[in-house]
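Below is one structure, written out as structure tokens; comments come after it.
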Amino acid sequence: MYKIDLQYINWDKNYCAYSDTKTVAVGMKVVTQFEWGIEIAKVIGFYEIQEKDENCEEVTILHEATGSDIKLHTELFLTSKEALEFCHDESRRLKLNMKLVDAHFSLDKKRLVFAFIAQGRVDFRELLKEITKKYRGSIRLQQIGVRDEAKISGDLGPCGYGLCCRTYLATIGNVSTDMADSQKISQRGVERLSGICGRLKCCLAYENEHSKDK
């Protein structure tokens, strides 16, 4: 049995599917049945396993994305940007203390999700009413963190390469100052140890286990 790791939005959690044959490859885009509707997802992992992962939410792969699927996905990307601008305007009008960073339509247009950042809880009930008046279907506002924002808008890290969170990291693990201490680099200062998101660099975790063994 093979486990297939899937990502449909880079700021949301990953999902998985299972197959008895090698029907997909990493990097392939597939049309997938989620609980709320149809989505295009990217295959980010493919492994042979003995039993299913209880911690991963399972979805169904319908077929490899066709040219028409990709075209529709691109068109919906542009429509999502228009929806994001509308949500921006309404949130400013309602004087909500939140930063809208992304919007996403499902492939069947049955669901529209907005990602936002805020310092605390936000009462967006009035905003939700205004969005629902304009866009039918299931509307969701999802609060994300600054690391997730970097995955959306970031580009290059201090190392000169593409951000790990945008290029290959399936999940962002916990990074702590203890990792910097164990690698004897904590004296470099917060600014040099922080990524563009303002949090500790994810790469601090790469050598952590090796440092513990020394």
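Residue by residue through region 1-37, note down the ones that are part of a strand (DSSP E or B) and of a type in the set (Val, Ile, Thr).
At the first step, the residues of region 1-37 found to be part of a strand (DSSP E or B) are 2-7, 15-19, 29-34, 37.
Listed by number, the residues that qualify are Ile4, Val30, Val31, Thr32.
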* Asked: Counting only residues that are surrounded by 15 or more Cβ atoms within 10 Å (Cβ to Cβ) and of a type in the set (Val, Ile, Thr), which one in region 126-145 is farthest from Phe34 (Cα to Cα)?
  -> Ile131
* Got a number for residues in region 96-107 being modelled with pLDDT of 95 or more and surrounded by fewer than 19 Cβ atoms within 10 Å (Cβ to Cβ)? -> 1
* To do: Give the residues of region 38-84 that are of a type in the set (Ser, Thr, Tyr) and part of a strand (DSSP E or B), sorted by residue number.
  => Tyr47, Thr60
* Asked: Taking the stated definitions as given, is Glu54 of a type in the set (D, E, K, R), surrounded by fewer than 18 Cβ atoms within 10 Å (Cβ to Cβ) and free of Cβ contacts under 8 Å to residues at least 24 places away in the same chain?
  -> yes
* Name the residues in region 104-147 that are more than 20 Å from the chain's Cα centre (by Cα) and among the aliphatic types (A, V, I, L, M), would you? -> Val122, Leu127, Leu128, Ile131
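Is it the case, given these coordinates, that Tyr168 is modelled with pLDDT under 75 and among the aromatic types (Phe, Trp, Tyr)?
Details: modelled with pLDDT under 75: yes; among the aromatic types (Phe, Trp, Tyr): yes.
It is true that Tyr168 is modelled with pLDDT under 75 and among the aromatic types (Phe, Trp, Tyr).
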* Asked: Considering only region 23-73, how many residues are closer than 19 Å to Trp11 by Cβ and not aromatic (Phe, Trp, Tyr)?
  -> 15
* Answer yes or no: is there a residue in region 130-137 that is modelled with pLDDT of 70 or more, under 24 Å from Thr79 (Cβ atoms) and in contact with a Lys or Arg (Cβ under 8 Å, 6 or more places away or on another chain). => yes
* Pairs only if they're at least six apart or on different chains, beta carbon under 6 angstrom, first in region 22-38 and surrounded by fewer than 15 Cβ atoms within 10 Å (Cβ to Cβ) and modelled with pLDDT of 95 or more, second of a type outside the set (A, V, I, L, M, F, W, C) and in a strand (DSSP E or B); list them, first residue then second. => Gln33/Thr60
* Asked: Out of curiosity, is Cys87 at pLDDT 95 or above and part of a helix (DSSP H, G or I)?
  -> yes
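The values are calculated or read from the model by the stated rules, or taken from the named source; none is laboratory data. Predicted model only: the values in this text are computed from it and were never measured. Heads up, the Cβs are rebuilt from the backbone with ideal geometry, glycines too, and the neighbour counts pull from every protein chain shown.
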